[in-house]
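Worksheet for the structure shown next.
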Amino acid sequence: MKVLKFGGTSVGSPERIKGVKKIIESQSSPCVVVLSAFQGVTDELKQMCELASSKNEEYITLLDRLALKHTEYAKQLISKDKLDNVLISIDKILNDLRETLNGIFLLSELSKHALDKALSTGEILSSLIISNIFDGSQLIDSRTIIKTDSNFGFANVDFALSNALIKNKIDNRRKQIIIPGFIGSNTSNETTTLGRGGSDYTASIVAAAIDAEVLEIWTDVDGFMTADPKKVEKAYSIESLTYSEAIELSHFGAKVIYTPTLRPVYKKGIPVLVLNSFKPDSKGTIISNKTSDDNISPIKGISSIDHIDLITLQGPVMVGVSGTSMRLFGALAKKNINIILIIQASSEFSITFAVIPSDSTPAIEAINEEFNREINLNNELKVLHEKNLSIIAIVGERMRNTPGISATLFKSLGRNGINVIATAQGSSELNISIVVKNESLKKALNVIHDGFFLSRYKELNLFFAGTGLVGSSLLKQMQEQQSTLLSEHSLKVNLIGVTNSRKMFIDKRGIPFKDFNEMLKTSGDKGDISVFIQQMTRLNLRNSVFIDCTADASVASRYADILSNYVSVVAANKIACSSEYSYYQKLRTIAIERGVRFMYETTVGAGLPIIKTIDDLVLSGDKILKIEAVLSGTMNFIFNELSPEMPLSGAIRKAREKGFSEPDPRVDLSGTDVVRKILILAREAGYAIEKEDVIVNKFLPDECFDGSMNDFFEKVKKYDAEFELKRQELEKQNKKWRFFATLDEGKAKVELLTIGYDHPSYNLEGSNNIILLTTNRYKELPMVIKGYGAGAEVTAAGVFADLMRVVNV
């Protein structure tokens, strides 16, 4: 025989009840059906009681509305030949409720006894109505079979007596046996309730008493989820749980099933199926004593309790003194305070426990009363109270004896800037519980979900600065690659914010890559990098990355703030790493301390793997002795373009139009850009040099760099003829110009050099770069890195590669 329990949402309307009827009628064997009140009714009944106790006659209006609702349900569901008798029964039940509420109104007092009597009305009415939509069903008043003590509100069941009554009353010859959940009665036959969620408990008690083959809990979700889907969008159904896993998840906030429900069936080994009445064909979750091996993660699920307080009793007087815990928890038990979590330091210096906020004041009062002498007279103990906290528990049988669980948990949280206030782990290793601030709860749940591969894909949340040639190219590349990243690499990339010098737009739901320009134009606010970073920080999204495709010093100056807020930075902007050495070091230090990434490969050589190669050499114990490099794709392009038909000024314009140069090409021609690049490489090689230490020999006079951009081009034209003559002379000698950066024994220089055909850079084409690294290991023959060193597409591709390195940490 099966026991089926249907919750309030499952019987929330006549249409839903018809769906429940189909589920019940589809059963191949007789079944017991335990019912909750119709959706929202228990809350309405409680509100009526509170209004009546405060002398507010509005309760009568609510009562009339409740009567109408149940009458309408009956008329829509029950056949005409039964309807009159059912309506008479409904009136009788409602008259009893009316008398109870009137008594509460007259006394201006709401006792737990009266509240239980009123609240029981919901289940009594729903069971009466639904039992009459079947032919030949048996309706059993659960107050005649579930016997309890007189602890109204949370009555304790007398299992010996209840089991005997259940076995005696249930007739397994009946196709359907309907029982109201949630309620019982004491030895004086006064109505009691089993606690909110008690209908689940009723079903479990009945299932255990009759040795049911299975207990089915029909609700409005697809069983237990890996996390709360309201907080973790990627949460999905768990196919199977052990009793212990389900109890732990329920205790720590998974509201799928009322925690005490599992105790009776656990003792009898009766499996529990949690199913969705809105999707009857879904698998749901089966709870049994079998451990499943089909889950790739050692944890099965994550649950959480919002809004808890931590109370700590602390002091040296506790060390080595037996009986302190007994006194503490004995005092709390006298006040009926429920302890959610207990943490005790191994030094015995402190005991910390978690309670719901409403229990904090009575808990502190109980502690002060019990430890009055130690706290107030001897000042040997103090009580600490922390508010606005939440508990997260990760649960799984396979956590037992699996190394690295705690490391994965705390690494995931730490990298995303989530502070763990307290932690607890039982010796059974079934769960690890942590306490975090309320404001960090959603982020923490998502981070943990991703960290343990409970998510089918990982997410990156991107904030873009700069929508020029490089930025736009990168966004286009990401749009084209988006589906591949998700399908082949389980990576979902979300564009959350975009800013440029004019406009900014942020949407935490995500911005379609193809629409970023339109969104900036139509919905963007005035561009302000400080406001943009503030909003990014306030969103507090996990796995956030700030991408800088600008050449703006004001953006680079904010990297320390961004990294300090646990947001990784991927930069094509050279300014931060080529500014003061102390700032460069500060950024690297913050990134290491916060466990985030600071990536800037494209600051030198666009997409070429120069910085990574130097880092790998240094990390492996090699020493960089000398760097010789053509680092400006712009300059190489310009000098390769020179010809009788292409003067110097024309080559500069062409480089700018093709996106090879900085927006202001004077940055390239003055050597400023190359100075920044050799500074970065020198620092990566281990040399602490400043910009002022780099010698720059300009090939154009200083007066060319004053004034506007138009002034610049006019002044350069004056030198077109001179440069053409020199170029022709070089051509006769089979030589070429190359704009070189050199680092030798820690001394850096930038200058235009003449090189012969035997030099590795002689055949360097277009905007290509070349880097020659002389090291302890590469002394005789330098390591050569060569390839495209400029251009929006290759630079964007390099930034994209850096971004992927952030993911793969």
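The values are calculated or read from the model by the stated rules, or taken from the named source; none is laboratory data. From a predicted model like this one, the values you see are computed outputs, not experimental measurements. Neighbour counts are summed over all protein chains in view; Cβ atoms, including those assigned to glycine, are modelled from backbone coordinates with ideal geometry. Heads up: the accessible areas ignore ligands, DNA and RNA and are worked out on the full protein's heavy atoms, side chains in. Shrake-Rupley method; radii C 1.70, N 1.55, O 1.52, S 1.80 Å.
Short-range pairs are left out: with C-alpha atoms under 8 Å and at least six residues apart, the relative contact order of the stretch 504-571 is 31 percent. The relative contact order of the stretch 291-373, computed from alpha carbon pairs under 8 Å that lie at least 6 residues apart in sequence, is 36 percent.
Pairs over the 32 Å Cα-Cα cut-off, from the set Lys22/Lys80; Lys55/Lys255; Lys21/Lys230; Lys175/Lys290; Lys458/Lys677: Lys55/Lys255; Lys458/Lys677. Ligands, DNA and RNA excluded, the heavy atoms of Lys387 present near 130 Å² of accessible surface to a 1.4 Å solvent probe. Rolling a 1.4 Å probe over the protein heavy atoms gives the chain an accessible area of 44 Å² per residue. Simple rule: put +1 on each Lys or Arg Cβ and -1 on each Asp or Glu Cβ in the stretch 626-737, find the dipole, and look at Leu631, Ile678, Gln733; the Cα lying farthest toward the positive end is Gln733. Each peptide among 34-46, 312-324, 360-372 gets the average number of other Cβ atoms lying within 10 Å of its residues, and from highest to lowest they stand as 34-46, 360-372, 312-324. Of the whole protein surface, Asp96 contributes about 70 Å² of accessible area at a 1.4 Å probe radius. Between Phe134, Leu106, Pro30, the Cα set farthest toward the positive side of the dipole of the stretch 1-136 (charges on each charged residue's Cβ, about the Cα centre) is that of Pro30. In loop segments of the stretch 750-809 as defined by DSSP, the GluC sites (Glu not before Pro) with at most 13 further C-beta atoms inside 10 Å of their C-beta are Glu765, Glu780. Helical runs assigned H by DSSP (4 residues or longer) give the chain a calculated mean residue ellipticity at 222 nm of -12500 deg cm²/dmol, each run adding -39500 (n - 2.57) before division by the residue total. In the stretch 182-238, which GluC sites (Glu not before Pro) fall in coil by DSSP and have 13 or fewer other Cβ atoms within 10 Å? For GluC sites (Glu not before Pro) across the stretch 182-238 that sit outside H, G, I, E and B with at most 13 neighbouring Cβ atoms in 10 Å, the list reads Glu213, Glu233. Of the whole protein surface, Leu381 contributes about 10 Å² of accessible area at a 1.4 Å probe radius. Only lysines eight or more places from Lys717 in sequence, or on another chain, were considered; those with a Cα closer than 23 Å are Lys654, Lys658, Lys698, Lys726, Lys736.
Give me the percent relative contact order of the chain, please, defined on Cα pairs under 8 angstrom at least 6 residues apart. Answer for the chain is 8 percent. Averaged over residues, the count of other Cβ atoms within 10 Å places the peptides 488-500, 10-22 in the sequence 488-500, 10-22, highest first.
When only the Cβ of Lys, Arg, Asp and Glu is charged (+1, +1, -1, -1), the dipole of the stretch 645-770 relative to its Cα centre reaches about 260 debye.
Less than 14 Å Cβ to Cβ from Ile104, Lys/Arg counted +1 and Asp/Glu -1: what total charge do the surrounding residues give? Here the count lands on -2.
For the stretch 541-632, the fraction of 1.4 Å probe accessible surface lying on carbon and sulfur atoms is 51 percent.
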